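Take a look at the structure below.
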Amino acid sequence: MTADATVTNDTAAKAPILSVKNLGVRFWVGDEWFTAAEGLTYDLHPGEVLAIVGESGSGKSQSSMSLLGLLPRNGRASGSARLGVRELVGMHEEQMQRVRGNDISVIFQEPMTALNPVYTAGYQIAETLRVHTVMGPKEAKAEALRLMRLVEIPDPEERYDSFPHQLSGGQRQRIMIAQALACQPKLLIADEPTTALDVTVQAEILKLMRELREKVDAGIILITHDMGVVADMADRMLVMKEGRVVEEGTAEQIFGAPQHDYTKELLAAVPHLGSRAEDKAFGSEAENLQYVDDLAKIPLESNDTYEHPGGRSDVQNPTLHLAGATIEYPAIGRKKAFRAAHSIELRIAPGEVVGLVGESGSGKTTIGRAAVGLIPVVEGSLTVNGQEVAGKKNRDLRDMRKTVGFVFQDPGSSLNPRLSIGESIGEPLILHEGLKGAELSRRVEQMLDSVQLPTSMRNRYPHELSGGQRQRIGIARALALKPSLLIADEPTSALDVSVQAKVLELFRELQEQQGFACLFISHDLAVVEMVASRIAVMRHGHLLEIGPSSDLVANPRHPYTQRLLAAVPVPDPAEQRRRREARDALIEAAAGDMAG
């Protein structure tokens, strides 16, 4: 019997932390009730991780948010959800406020909308500690800094005083996780907790969540579309489709022998990394440990660029061209200028997709924003369709920006909450093409069809949609003007794997039709390999390696790229456990060497 199986048996013998019976969630939309979830029944025991998976819009998030009374005003929950002896459904708001934070914490899917934009990141963690514990300002700040170090925030003393918009997407997610872990809750609801995180930090965050489970015997509800994360974390699984549970069981049962057709389709849609990564992932425990150990002995600090044959494009008229481009965030007040990208050399040909990968804060998004003139290029050159962007003012870039589409990482913060979905997609068509009436309506419905959403959704508002649905709306809006260059910043991060496959296929079809170039920014190496002809790897603002996708994944040359590939989770519980144990053993050995 494995160690994980023993944990599962032990937790099942304890009284459940949470007991859910016939839970239902409905929304009043367009003069009728819309059912988001119905008939959910499950128990969650101390120290257990329950993963809820399914397509966006299947009811995963809304059913869990109903436990804390966090549904929109037009939402209603029914049935029963008992936290110990306390009934959560219908609980008075004053009582619920004492439950939130103390007993139940949430890691929200979109940190930009969950964090308060007018308070600094560190203050928001300290505030959580002061509200729920007896701490003075100095003690709360010291504990907040400890939590920031725990979740791998770089330069925590400086980031403590940074506002959410000044942090990268991955850094914002880590601030949200630190805030959720602050009071060591009995129940943690993790709604896509690793969406914006690169695989190396993701491994550390999942380790933190496992430690929380063991330290305070916490139960965790894990809502995710990442099957590698499910394989790494989950004891049991619920598979949801159209608001109902279609299959449930242990992670080993569902991954090993799925019964429902939808579950089989879901697992079949999971992207897999190249053959080298698979070979390393499925070795013996000793081989995995030796492989990770070998990587750890290689220094990562070299900023030299490793160039594969065919890695650099020599096209004469590239759509996007960075030539020795150095990008810098300007100084603000007492805050010094920050150089986010150093001497970047990159060309993207018309009709080509180039994947840009690396840790959060490595400069990936910075390059995308610089391409539309949102961040200044202080050295070198950056051109889009032959037009120089460096040194130009906003008014000089208006025509160029019409030819560039941008899919933002946080769809909740990039969509106007006051505009309906149809109005959001139609806005660029009205402003740049002057469309009105029936033609505008036809184009809006066409874009909704292209991202696999019903045309009836045009009358809804962003808060009425799931995170994955909002992301698809962002993609539809970016493609509405048929751009020659698409900057896709984590375009599939909020999508479940089945819809992700459709969206990636959509990219290919639109490229064939329109011939646009695409800079595909992502931390998901398997997705990047599927869609990109070339991959560029960044770390600390430097371009470290560039090459054809299949060659770079099969034969990574830079040690950082090798370690990045080794950290990719495997969608198989037994094999992922081997990798995790090998990684944990390495961390413990390294800690022992430092102590000695």
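Using a probe of 1.4 Å on the protein chains alone, the accessible area found for D217 is around 60 Å².
The gain in end-to-end length when the V118 to W28 segment is fully stretched comes to 29.2 nm, 0.36 nm per residue minus the alpha carbon separation. Placing R0 at 30 angstrom, the Cβ-Cβ distance between D261 and H165 gives a FRET efficiency of 0.10 after rounding to 0.05.
Ignoring ligands, DNA and RNA, what accessible area per residue does the range 130-196 give at 1.4 Å, in Å²?
In whole numbers, the range 130-196 has 42 Å² accessible per residue.
For the residues K138, K264, K482, a 1.4 Å probe over the protein chains yields an accessible-area ranking, largest first, of K138, K482, K264. Within the straight-line cut-off of under 12 Å between alpha carbons, the aspartates and glutamates reachable from K336 are E158, E328, sequence neighbours fewer than 8 places apart in one chain being disregarded.
How would you rank 114-120, 158-164, highest first, on the average number of other Cβ atoms within 10 Å across their residues?
158-164, 114-120
Residues within the reach of a label modelled at K482 (point 7 angstrom out along Cα to beta-carbon, backbone nitrogen below 18 Å), restricted to the range 499-527, are 506-518. Under the 0.36 nm per residue contour assumption, what length would be gained going from the current alpha-carbon distance of V134 and H92 to full extension? Extra length from V134 to H92 when fully extended: 12.7 nm. Are there DSSP H segments in the chain that both extend 15 Å or more along their axis (alpha-carbon positions) and score a mean Kyte-Doolittle hydropathy of at least 0.0? List them, or say none. Within the chain the helices that satisfy the rule are 199-216, 421-433. Projected label points at T41 and T250, each 7 Å from Cα along the beta carbon direction, are separated by 2.3 nanometres.
For the chain, give the percent of accessible area contributed by carbon and sulfur heavy atoms, probe 1.4 Å, rounded to a whole number. Of the solvent-accessible surface of the chain, carbon and sulfur hold 49 percent. Would the range 1-149 count as rounded, prolate or oblate if I go by the C-alpha gyration tensor, calling it rounded below 1.5 in a/c and otherwise prolate when a/b exceeds b/c, oblate otherwise? Cα axes put the range 1-149 in the oblate bin. Taking all protein chains into account, the per residue accessible area for the range 35-102 stands at 41 Å² (1.4 Å probe). With helices as the sole contributors, the chain gives -12000 deg cm²/dmol at 222 nm; each DSSP H run of n ≥ 4 counts as -39500 (n - 2.57), and the sum is divided by every residue. Is the shape of the range 486-531 best called rounded, prolate or oblate, per the rule: a/c under 1.5 gives rounded, else a/b larger than b/c gives prolate, else oblate, with a ≥ b ≥ c the square roots of the Cα gyration tensor eigenvalues? Oblate. Inter-label distance, N416 to R100: 2.8 nm, where each label sits 7 Å from its Cα along the C-beta direction.
Straight-distance candidates among the lysines for linking to K21, with alpha-carbon spacing under 21 Å and chain neighbours fewer than 8 residues away dropped: K60, K186, K241.
Full extension of the chain between E581 and E157 yields a length gain of 149.4 nm, computed as 0.36 nm times the residue separation minus the alpha carbon distance.
Inverting the pair-averaged 1/r between distinct Cα atoms of the chain gives 25.0 Å as its Kirkwood hydrodynamic radius.
Dividing the convex hull volume of the alpha carbon atoms of the range 414-534 by its residue count gives 104 Å³ per residue.
Give the peptides 71-80, 89-98 in descending order of average Cβ contacts within 10 Å, highest first.
Descending packing order for the listed peptides: 71-80, 89-98.
Efficiency by 1/(1 + (r/R0)^6): what FRET value for D217 and A323, r their Cβ-Cβ distance, R0 = 45 Å, to the nearest 0.05? Rounded to the nearest 0.05, the efficiency is 0.20. As a ratio to 2.2 N^0.38 Å, the alpha-carbon radius of gyration for the range 164-207 is 1.15. Ligands, DNA and RNA aside, H523 has an accessible area near 20 Å² when probed at 1.4 Å. Over every Cα atom in the range 363-425, the radius of gyration and the widest Cα-Cα span, Dmax, amount to 13.7, 41 Å.
The Rg/Rh ratio of the range 425-464, with Rg taken over Cα atoms and Rh as the Kirkwood radius over Cα pairs, comes to 0.98.
Just need the relative contact order of the range 374-494 here, percent rounded to a whole number, with Cα pairs under 8 Å and 6+ apart.
Details: 150 pairs, mean separation 43.8, N = 121.
Reported as a whole number, the value is 36 percent.
Given R0 = 22 Å, the distance between the Cβ atoms of K21 and V85 translates into a calculated FRET efficiency of 0.95. Just tell me which aspartates and glutamates come within less than 13 Å, Cα to Cα, of K482; anything on the same chain fewer than 8 places away is out. Of all the aspartates and glutamates, those that pass the test against K482 - Cα under 13 Å, at least 8 places apart if same chain - are E433, E509, E512. With the simple model of a label 7 Å out from the Cα in the direction of the Cβ, A331 to A438 spans 6.1 nm. Shown for the range 314-454 is the translational diffusion coefficient from the Stokes-Einstein equation, using the Kirkwood radius over Cα pairs, a temperature of 4 °C and a viscosity of 1.567 mPa s: 75 µm²/s.
With an 8 Å Cα cut-off and a minimum separation of 6 or more residues, compute the relative contact order for the range 481-535 in percent. With pairs under 8 Å counted, the relative contact order is 48 percent.
Classify the range 74-128 as rounded, prolate or oblate, taking a ≥ b ≥ c as the square roots of the eigenvalues of its Cα gyration tensor: rounded when a/c is under 1.5, otherwise prolate if a/b is larger than b/c and oblate if not. Verdict is prolate for the range 74-128.
The values are calculated or read from the model by the stated rules, or taken from the named source; none is laboratory data. This structure is a prediction, so every number in the text was calculated from the model and none was measured. Cβ: placed from backbone, ideal geometry, glycine included. Neighbour counts: every protein chain shown. What goes into the accessible areas is simple: the full protein's heavy atoms, side chains included, and nothing from ligands, DNA or RNA. Shrake-Rupley method; radii C 1.70, N 1.55, O 1.52, S 1.80 Å.
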